[in-house]
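Student: If you scroll down you'll find the structure; I have some questions about it.
The values are calculated or read from the model by the stated rules, or taken from the named source; none is laboratory data. On a predicted model such as this, the values are computed, not experimentally measured, just so you know. Positions of Cβ are backbone-derived with ideal geometry, glycine not excepted, and every protein chain shown enters the neighbour counts.
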Amino acid sequence: MTNPPTFSDEELTAFIDGEFEHTRAEKIQRALENSAEIQTRIKALALNKSQINSAFDLLLYTAPEMPDLPEIKPAKAANITAKSIGLIAAFSFVFLIGGLSAGYFAGQHKDKNWREFVAIYQTLYINATLAGIEQQPKAATLELDKVSQSIGKKVDLSVLVQQSQLDYKRAQILGFEGRPLMQLTFLSKIGDPIALCIIRSGNQESREIVVSEMHGMLAASWSKDGYEYLLIGGHDAALIKSAANGFAKSL
């Protein structure tokens, strides 16, 4: 009996958005019809439009007032055409949306580095995102080798599975500002999604482990030998500290 195909979050998201090439989409559709695990992941990844609308309503409600626009001199008022009015309305809308975006992100994302974006992405993970993923050692090693090459750092499967408190699931390539970023995902023993992300920094200076809270999750960050690391997920401080220490020594 052949094993059912596996799909990454990126593939399933592209399928949801209708942005995937036809042949692969058919495979996902067949898997969706026959796999409860795929159905659960699709539901978890699908964006809730009502939540998006509510978020924009909140942004509009908290937006600063529009600044006073310069008065139009009476002598030129007669020359305003319907096209001009349309352009003014369009620029006013862009100004409003730009102001909302700038104000929101300035307040919510002051430290716009790669860790911040990883933390936001991690908030989308739930137990069902990873629970159905089971890889044989050979397949897991091949996947890990491919992802490791993207950042130029060898990561052995043995290092990831030796963490007794974490169940290793998969590796995938993300990116930040044109730089590849390795994401290694785990489930804790109580089922919390945990991610270890690694990105090349170019700075050889090492930085000790710092534990903090990011978007309602615990996170440990450090740097070593030209790479930066972030371990994030769940609320178990002892687990995050212990796992971070283990990874910092072995990677």
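Student: May I ask you to list the residues in segment 159-169 that are free of Cβ contacts under 8 Å to residues at least 60 places away in the same chain and buried (at least 17 other Cβ atoms within 10 Å of the Cβ)? Reasoning before the result, please.
Tutor: To start, the set of residues in segment 159-169 that are free of Cβ contacts under 8 Å to residues at least 60 places away in the same chain comprises 160-161, 164, 167-169.
LEU160, ASP167, TYR168, LYS169 - these are the residues of segment 159-169 that are free of Cβ contacts under 8 Å to residues at least 60 places away in the same chain and buried (at least 17 other Cβ atoms within 10 Å of the Cβ).
Student: Here's another thing I want to ask about it. Does GLN183 satisfy being assigned by TED's automatic domain parsing to the domain that holds ALA238, surrounded by fewer than 21 Cβ atoms within 10 Å (Cβ to Cβ) and in a loop (DSSP other than H, G, I, E, B)?
Tutor: On the way: assigned by TED's automatic domain parsing to the domain that holds ALA238: yes; surrounded by fewer than 21 Cβ atoms within 10 Å (Cβ to Cβ): yes; in a loop (DSSP other than H, G, I, E, B): no.
Spelling it out, it is not the case that GLN183 is assigned by TED's automatic domain parsing to the domain that holds ALA238, surrounded by fewer than 21 Cβ atoms within 10 Å (Cβ to Cβ) and in a loop (DSSP other than H, G, I, E, B).
Student: Can you find, within segment 224-241, the residue that is farthest from GLU205 (Cα to Cα) among those that are of a type in the set (D, E, K, R) and either part of a strand (DSSP E or B) or modelled with pLDDT under 95 (or both)?
Tutor: Looking at the filtered set, the residue picked out is GLU228.
Student: If ALA195 satisfies every condition in (1) touching an Asp or Glu at 6+ places or on another chain (Cβ under 9 Å); (2) among the small types (Gly, Ala, Ser); (3) part of a strand (DSSP E or B) but one, which is the exception?
Tutor: (1)
Student: Among the residues of segment 137-158, write down those that are under 18 Å from GLY226 (Cβ atoms) and either surrounded by 17 or more Cβ atoms within 10 Å (Cβ to Cβ) or under 20 Å from the mean Cα position of the chain (by Cα) (or both). Break it down stepwise before answering.
Tutor: Looking only at segment 137-158, we keep the residues that are under 18 Å from GLY226 (Cβ atoms), and these are 147-155.
If the condition is that a residue be under 18 Å from GLY226 (Cβ atoms) and either surrounded by 17 or more Cβ atoms within 10 Å (Cβ to Cβ) or under 20 Å from the mean Cα position of the chain (by Cα) (or both), then VAL147, SER148, SER150, ILE151, VAL155 are the ones that fit.
Student: For the condition buried (at least 19 other Cβ atoms within 10 Å of the Cβ), over 19 Å from the mean Cα position of the chain (by Cα), free of Cβ contacts under 8 Å to residues at least 60 places away in the same chain and outside any loop (DSSP other than H, G, I, E, B), what is the one hit in ALA248, ALA244?
Tutor: Step by step, each of ALA248, ALA244 is checked, and only ALA244 is buried (at least 19 other Cβ atoms within 10 Å of the Cβ), over 19 Å from the mean Cα position of the chain (by Cα), free of Cβ contacts under 8 Å to residues at least 60 places away in the same chain and outside any loop (DSSP other than H, G, I, E, B).
Student: May I pose another question? Which of the numbered conditions does LYS241 fail, given that it passes all the others? Conditions: (1) closer than 14 Å to GLN165 by Cβ; (2) in contact with a Ser or Thr (Cβ under 7 Å, 6 or more places away or on another chain); (3) charged (D, E, K, R).
Tutor: Every condition holds for LYS241 apart from (2).
Student: How many residues, within segment 219-241, are surrounded by fewer than 21 Cβ atoms within 10 Å (Cβ to Cβ) and free of Cβ contacts under 8 Å to residues at least 60 places away in the same chain?
Tutor: Matching residues across segment 219-241 total 11.
Student: Give the residues of segment 209-218 that are touching a Gly at 6+ places or on another chain (Cβ under 9 Å) and touching a residue at least 40 places away in the same chain (Cβ under 8 Å), sorted by residue number.
Tutor: MET217, the sole residue that qualifies.
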